[in-house]
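The values are calculated or read from the model by the stated rules, or taken from the named source; none is laboratory data. Owing to the predicted nature of the structure, the values given are computational and were not obtained by experimental measurement. Cβ atoms come from the backbone with ideal geometry, glycine included; neighbour counts cover every protein chain shown. SASA here: full protein model, heavy atoms, side chains in, ligands and nucleic acids out. Shrake-Rupley method; radii C 1.70, N 1.55, O 1.52, S 1.80 Å.
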Amino acid sequence: DTQGRYQLVFELPRTDWQTTDSITGLATLSLIGSGGVDFGSSGGGPIGFGFTEVGGSRQMGPAWTADCRFDRLVAGQPRTSQITKSGGFIGEDPNVAFYRSFFADPLVHLPAGDWTITAVANFVEGSGCSGASYTLKAAVLVHVTA
């Protein structure tokens, strides 16, 4: 995804996985052109990940903390993030047992089926957490078999 001078790229080593595999991937947020830009984002960083079951009801993340961290993005010096988990759920959700298991596992394991994994960069341009807001999304469809 590209917005203005910003580009988000999300790459996985493959799109076919087994339920026993730890799914890995890398998201890269870059500044196009030259120079640098100050920005603010969640204290956890500007990049989060969402996991959505295709044709199902399970969806996890991304979520960000409400604090603001200041940083600078410079052309040729991108910010990267391996796949991470974030999100929440309520106890009445019919998928609560799945969500508890998913978030308790330090690795990313998904059940059999098709899933969309989305890298999301969420940040505010400028030296504070006020200014032009950007949300870039880059998604990859994966197939998981038992």
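So which residues in the stretch 52-101 are in a helix (DSSP H, G or I) and of a type in the set (Ser, Thr, Tyr), if there are any at all?
Of everything in the stretch 52-101, those that are in a helix (DSSP H, G or I) and of a type in the set (Ser, Thr, Tyr) turn out to be 99, 101.
Suppose we filter 82, 18 for residues that are under 22 Å from residue 143 (Cβ atoms), out of contact with any Asp or Glu (no Cβ under 9 Å at 6 or more places or on another chain) and free of Cβ contacts under 8 Å to residues at least 60 places away in the same chain; which single one remains?
82
Only one of (1) within 17 Å of residue 125 (Cα to Cα); (2) open to solvent by 30 Å² or more (accessible area, probe 1.4 Å); (3) free of Cβ contacts under 8 Å to residues at least 60 places away in the same chain; (4) touching a Ser or Thr at 6+ places or on another chain (Cβ under 8 Å) is not met by residue 68, so which one is it?
If we test residue 68 against (1) within 17 Å of residue 125 (Cα to Cα); (2) open to solvent by 30 Å² or more (accessible area, probe 1.4 Å); (3) free of Cβ contacts under 8 Å to residues at least 60 places away in the same chain; (4) touching a Ser or Thr at 6+ places or on another chain (Cβ under 8 Å), just (3) comes out false.
Mind checking which residues of the stretch 82-108 are open to solvent by less than 40 Å² (accessible area, probe 1.4 Å) and touching a Ser or Thr at 6+ places or on another chain (Cβ under 8 Å)?
83, 95, 108
I want to confirm something. Restricting to the stretch 29-51 and keeping residues that are assigned to a loop (DSSP other than H, G, I, E, B) and without any contact (Cβ under 8 Å) to a residue 60 or more places away in the chain, which single residue is least open to solvent (accessible area, probe 1.4 Å)?
45
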